[in-house]
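Values quoted throughout were computed directly from the atomic coordinates according to the rules given, and no laboratory measurement underlies them. This structure is a prediction, so every number in the text was calculated from the model and none was measured. When we count neighbours, we look across all protein chains shown, and the Cβ atoms used for this are built from the backbone with ideal geometry, even at glycine.
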Amino acid sequence: MKQLRKIAVECRNIGLSYDGGKTEVLKDINLRIEPGEFFALLGPSGSGKSTLLRLIAGFNQHQRGQLLVDGKDITGVPPHARNIGMVFQSYALWPHMTVWDNVAFGLVERRMDKATIRQKVGAALELVGLAQYANRRPNQLSGGQQQRVALARTIVIEPQVLLLDEPLSNLDKKLRVQMREELRSLQRTLGITTVFVTHDQEEAMTTADRMAVMDKGVVQQLGTPAVLFDYPVNPFVANFVGTTNLLTGDIEHVNGDTLRFRAPGIGEIILPKHPEARTGRMAISFRPHTIRMAVGDAVRDGAYVWLNGAVEQSEFLGEFTRYRVRVGEAVITADQSHFSGTTSFAPSASVRLGIDTSQIRYLPV
Ligand code: ADP
């Protein structure tokens, strides 16, 4: 199949409510999905992701703002006139039709000539690796193959935009990982602007060029997976994208170089000055893999501040061990890389936690 023309999708100040304005589901959504981008909408259940996706498809109508596709406002244009392809979570294949007929359906509906249909369906099935299954029915296929039929059926009409609603959630873990790679490579081949809804941060991070993290109908942050992971703007994003430790406390600036962070139930931590640290109440966020664990004397290394704690629990995950360490009234998660022959920290062992101060983020609360 040929590369499709790359186009942008833009939401400007979009608001959507139900029950005559009582339930506000999308609040002032502003985002621009660049031409050819693979874009993920990530957030917990009920955050408004599907509502936004369905709005782009034309199944939901917003009351405020504009939706632009390829620079044109398509607010009010019905779904069938939008030339947008959507793959549903359930795949929605016709069980009584063969794979070939399922994929051909949209082209037959558009009254294309038989030779063109044959060529296009053949190319789409080839692209998703299902050419030899053309005569089967959906129930004779595995979950992953059904998913590919749903994709082939959608891309065969050469939509301007591809929308995917939790497309991998019906597959088992191993297949999910394989399919997300396939999906990504298919999207690259076609160059089609793609919007992907998921509640799974790993899925979003591994596939998306950029993503929007949503909560309570609001886009909390927009950016590449690495920027969202490294520079979250608030505690919600820090917690939702990856795993983190969050401590809330009060900041006092002591002198030119240091600040005092006083966290209830933990005590005082002296930290180097930081451009994001403001006097007053803030949260600090630091990732489990950036913590060093040691016993005995603290390792002297200016990059770390050390806290005393006791191991409460550990989980051996192969590549690393995840420890829950009690520090005062807080429990801190620390991941330690695992190599054969290394000893692990026993339950209730007294340990020191070294926090790499260059990896601490200061967040508003
Ligand atoms: P997500 O896809 O992030 O799980 P949704 O977009 O499905 O979230 O839903 C967002 C919110 O909108 C939820 O609180 C849901 O209950 C509400 N909602 C969805 N559809 C309707 C509807 N037709 N009427 C009223 N509320 C709705």
Seminar exercise, completed: The lysines whose Cα lies under 21 Å from the Cα of Lys49, excluding any fewer than 8 residues away in the same chain, are Lys22, Lys27, Lys216
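Loop only per DSSP, at most 11 neighbouring Cβ atoms within 10 Å: give me the trypsin sites (Lys or Arg not before Pro) in region 97-147, ordered by residue number.
Numbers: sites: Arg110, Arg111, Lys114, Arg118, Lys120, Arg136; in loops: Arg110, Arg111, Arg136.
Here the sparse-neighbourhood loop sites are Arg110, Arg111.
How much length is gained if the chain between Asn83 and Ser348 is pulled fully straight, taking 0.36 nm per residue apart and subtracting their Cα-Cα distance, in nm to one decimal?
Numbers: separation 265, 0.36 × 265 = 95.40 nm, distance 6.07 nm.
Computed gain between Asn83 and Ser348 is 89.3 nm.
Quote the charge dipole size of the chain about the Cα centre in Debye, to the nearest 20; the model charges only the Cβ of Lys and Arg (+1) and of Asp and Glu (-1).
Numbers: 42 positive and 37 negative charges, 205 e Å.
With only Lys, Arg, Asp and Glu charged at Cβ, the dipole is about 980 debye.
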Exercise. Simple spin-label model, 7 Å along Cα-to-Cβ: Ala226 to Asn255 in nm?
Worked result: 3.8
Exercise. Taking θ as phi - 60°, what are the ³J(HN,Hα) couplings along region 207-215 by the Karplus curve (6.51, -1.76, 1.60), each to the nearest whole Hz, with x for Gly and Pro?
Worked result: 10, 7, 5, 9, 8, 10, 8, 10, 8
Exercise. Given H placed 1.01 Å from N in the peptide plane, which residues other than close sequence neighbours of Arg64 have an amide H under 5 Å from its amide H?
Worked result: Gly15
For this session: Would you list, by chain and number, the lysines whose Cα falls below 19 Å from the Cα of Lys72, excluding same-chain residues fewer than 8 positions away?
Result: Lys6
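Counting only C-alpha contacts under 8 Å and six or more residues apart, can you give the relative contact order of region 1-110 as a whole percent?
On the way: 135 pairs, mean separation 28.2, N = 110.
Computed value for region 1-110: 26 percent relative contact order.
Starting from the exponent 0.38 and prefactor 2.2 Å, build the expected Rg for region 224-327 from its residue count and divide its actual Cα Rg by it.
Numbers: Rg = 14.9 Å, N = 104, 2.2 N^0.38 = 12.8 Å.
Against the compact-globule rule of thumb, the ratio is 1.16.
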For this session: Within region 286-365, list the GluC sites (Glu not before Pro) lying in a DSSP loop whose Cβ has at most 10 other Cβ atoms in a 10 Å radius.
Result: Glu319, Glu329
For this session: Scan around Ile291 for amide H atoms under 5 Å from its own, H built in the peptide plane at 1.01 Å from N, and keep only partners 5 or more places away or cross-chain.
Result: Asp335
